[in-house]
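The values are calculated or read from the model by the stated rules, or taken from the named source; none is laboratory data. Worth saying up front: this structure is predicted, and the values here are computed from it rather than measured. Note that we place each Cβ from the backbone using ideal geometry, even for glycine, and neighbour counts take in every protein chain shown.
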């Protein structure tokens, strides 16, 4: 089964899927195997691997450790063409649709596409929308993109709809790694009401109640990252997963 189809299956069964983002630059390899195994046992549905800027991290090595210690899907979350490596299950083929930088919309994709084909990685076309989050994030700075104002949900909704009409399979509303504030529920609601493709929401989600509020607003995939780089927070992974898996909570 393709990874995109498996995510759809999780969404149908659980109400929403929960992915954990792992940044190789911020990961201690000695703890990584234990962490991903713990995630799998506590309800996580898959992993995103990558970052806006990799300086010291080993992306391929990180993926190998994750796959050795977990059977969950491993999806590249690329910040650059050099983050396309052969050992992942899939890659988010991201177009920065909230910006007007041609290189981020289609330019770099031309270089990445033949590599993805060569490695036989499943590409999942994703419209990526940066949302104002209270500070300058790495994604915003590195892409040279102005985020969508958080009080302008209609801009995000129209942008997402255009991406769907262009054939993209996912919409990613991103506040950014380490964001002060997360994507507003009003924006999520309007985007999900406007589009029919699954919406991912990430950035600034620091507790289970916030994760649940995003799902109730219409998000179908929740991503957390920075929060679990602190080992003291690992014990809350199950709480996050249960908050995201809204259908399972209703059954209980």
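Taking only segment 130-167 into account, find how many residues are within 15 Å of the chain's Cα centre (by Cα) and either at pLDDT 90 or above or on the phi > 0 side of the Ramachandran plot (or both).
Matching residues across segment 130-167 total 2.
Report whether or not residue 171 is in a loop (DSSP other than H, G, I, E, B), touching a helix residue (DSSP H, G or I) at 6+ places or on another chain (Cβ under 8 Å) and modelled with pLDDT of 90 or more.
When the stated conditions are applied, residue 171 does not pass them.
Could you please let me know if residue 204 is modelled with pLDDT under 95, surrounded by fewer than 24 Cβ atoms within 10 Å (Cβ to Cβ) and outside any strand (DSSP E or B)?
no
Inspect segment 211-223 for any residue being at pLDDT 95 or above, within 23 Å of residue 23 (Cα to Cα) and in a helix (DSSP H, G or I) and give the result as yes or no.
Yes; the residues of segment 211-223 include at least one that is at pLDDT 95 or above, within 23 Å of residue 23 (Cα to Cα) and in a helix (DSSP H, G or I).
Show me the strands (runs of 3 or more DSSP E) found entirely inside segment 24-102 where at least 3 residues are farther than 24 Å from residue 175 by Cβ, in contact (Cβ under 8 Å) with a residue 60 or more places away in the chain and in contact with a helix residue (DSSP H, G or I) (Cβ under 9 Å, 6 or more places away or on another chain).
none
Here's a check for you: in segment 230-252, which residue that is over 16 Å from the mean Cα position of the chain (by Cα) and closer than 20 Å to residue 176 by Cβ is surrounded by the fewest Cβ atoms within 10 Å (Cβ to Cβ)?
Checked segment 230-252; the qualifying residue surrounded by the fewest Cβ atoms within 10 Å (Cβ to Cβ) is 230.
Does residue 20 qualify as being touching a helix residue (DSSP H, G or I) at 6+ places or on another chain (Cβ under 6 Å), surrounded by 13 or more Cβ atoms within 10 Å (Cβ to Cβ), part of a strand (DSSP E or B) and modelled with pLDDT of 95 or more?
Taking the combined requirement at face value, the residue satisfies it.
For segment 227-249, how many residues meet the condition of being modelled with pLDDT under 90 and over 14 Å from residue 20 (Cβ atoms)?
3
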